[in-house]
Amino acid sequence: QTSVNDCPLLVIEPGAAPASLISNSFRRRLKGKERKLQALPGYRYHVADNGADVCRLLDWFFRVKPERMAEQKLPNVFAEPGIEQFIRTACLAPRADGKGYAIDIHALECDEEVIAIFAGVSDGHRFSMMFNTYTMSANSKFSPGLILMRDIIDRHAGLNYRAFDLGIGSDEYKRLFCKDDEAIVDSFIPLSLRGKPAATALSAISRAKRAVKQNPALFEIAQNLRSMFR
């Protein structure tokens, strides 16, 4: 059955003009904000290409992400046993073709701090985002996450990639870049007689969640109720 959320997707046509990927007006807005960051000594965009850089950026991520999630009143999913070590191992695992690591870490930095990172996987045709965060400092007001996404999209379009996604979910920032939707499906398969009622219930809950998310009025009510109990 159709999943609760679709995956927002940006389709990159061969030879696509930059404005067809990100509108000129949006690019101008980002450029205006980026000027503030460009004034910082050592400001740069790069992809971690050695183990020391990967570890340094991950150290920063695991320090800052819990603060960002606490600010949003979200649980720190990265605190679960084994999660951090799994991510660190995956980010340092070499690709089969010997070109880089299994997970790419893209970063905006200046001499003073890491400003934002986005990490994801790519296969030469599609880039899929996995995890990200941005600074808690005053530099956060200049939309470093959006600037970094622009850089990543432009980089992969230049490498003749055909698709880019920011992961499953309906977050508003994803719609700034990904205008299409890729359908995701869920399967609830009971493995025993006792499992049949559970599978039926889980399937019904999933359908109900999708119905709520597809209805703006119901979704707003659900969001308000959720915030009341945080």
Among (1) touching a residue at least 40 places away in the same chain (Cβ under 8 Å); (2) surrounded by 14 or more Cβ atoms within 10 Å (Cβ to Cβ), ASN76 falls short only on (1)
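Residues are listed down the side, and each one gets a yes or a no for (1) of a type in the set (Val, Ile, Thr); (2) more than 20 Å from PHE26 (Cα to Cα); (3) at pLDDT below 95:
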{"position": "ARG150", "(1), (2), (3)": "no, no, no"}
{"position": "PHE177", "(1), (2), (3)": "no, no, yes"}
{"position": "LEU191", "(1), (2), (3)": "no, yes, yes"}
{"position": "ALA201", "(1), (2), (3)": "no, yes, yes"}
{"position": "VAL212", "(1), (2), (3)": "yes, yes, yes"}
{"position": "SER227", "(1), (2), (3)": "no, yes, yes"}
{"position": "ARG230", "(1), (2), (3)": "no, yes, yes"}
Looking at the stretch 163-199, which of its residues are among the charged types (D, E, K, R) and either surrounded by 16 or more Cβ atoms within 10 Å (Cβ to Cβ) or in contact with a Lys or Arg (Cβ under 6 Å, 6 or more places away or on another chain) (or both)?
ASP165, LYS174
Out of everything in the stretch 5-48 that is at pLDDT 95 or above and assigned to a loop (DSSP other than H, G, I, E, B), what residue ends up being surrounded by the most Cβ atoms within 10 Å (Cβ to Cβ)?
ALA48
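Anything in the stretch 95-112 that is over 17 Å from PHE127 (Cα atoms) and loosely packed, with under 14 Cβ neighbours inside 10 Å? List them, or say none. If you could, list the steps in order and put the result at the bottom.
If we filter the stretch 95-112 for residues that are over 17 Å from PHE127 (Cα atoms), which is where we start, we get 98, 108-112.
Hits for the stretch 95-112 are GLY98, ASP111, GLU112.
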ASP165: among the acidic types (Asp, Glu) and at pLDDT below 95, yes or no?
yes
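Residues being over 17 Å from the mean Cα position of the chain (by Cα) and either in contact (Cβ under 8 Å) with a residue 40 or more places away in the chain or assigned to a strand (DSSP E or B) (or both): count how many of those fall in the stretch 95-112. Before the answer, list the steps.
In the first step, residues of the stretch 95-112 are kept if they are over 17 Å from the mean Cα position of the chain (by Cα); the result is 95-101, 109-112.
Now narrow it down to the ones that are either in contact (Cβ under 8 Å) with a residue 40 or more places away in the chain or assigned to a strand (DSSP E or B) (or both): 100-101, 109-112.
Total meeting the criteria: 6.
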Name the residues in the stretch 121-140 that are within 19 Å of ASP59 (Cβ to Cβ) and surrounded by 16 or more Cβ atoms within 10 Å (Cβ to Cβ), would you?
MET130, PHE131, ASN132, THR133, TYR134, THR135, ASN139
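Condition first: touching a residue at least 60 places away in the same chain (Cβ under 8 Å), of a type in the set (A, V, I, L, M) and in contact with a strand residue (DSSP E or B) (Cβ under 9 Å, 6 or more places away or on another chain). Can you find one or more residues in the stretch 37-46 that meet it?
Just the residues of the stretch 37-46 that are touching a residue at least 60 places away in the same chain (Cβ under 8 Å), to begin with: 37, 40-46.
Subset that is of a type in the set (A, V, I, L, M): 37, 40.
Cutting the leftovers down to in contact with a strand residue (DSSP E or B) (Cβ under 9 Å, 6 or more places away or on another chain) gives us 37, 40.
Yes, the stretch 37-46 contains a residue that is touching a residue at least 60 places away in the same chain (Cβ under 8 Å), of a type in the set (A, V, I, L, M) and in contact with a strand residue (DSSP E or B) (Cβ under 9 Å, 6 or more places away or on another chain).
The values are calculated or read from the model by the stated rules, or taken from the named source; none is laboratory data. These numbers come from a predicted model, not from an experiment. Cβ atoms come from the backbone with ideal geometry, glycine included; neighbour counts cover every protein chain shown.
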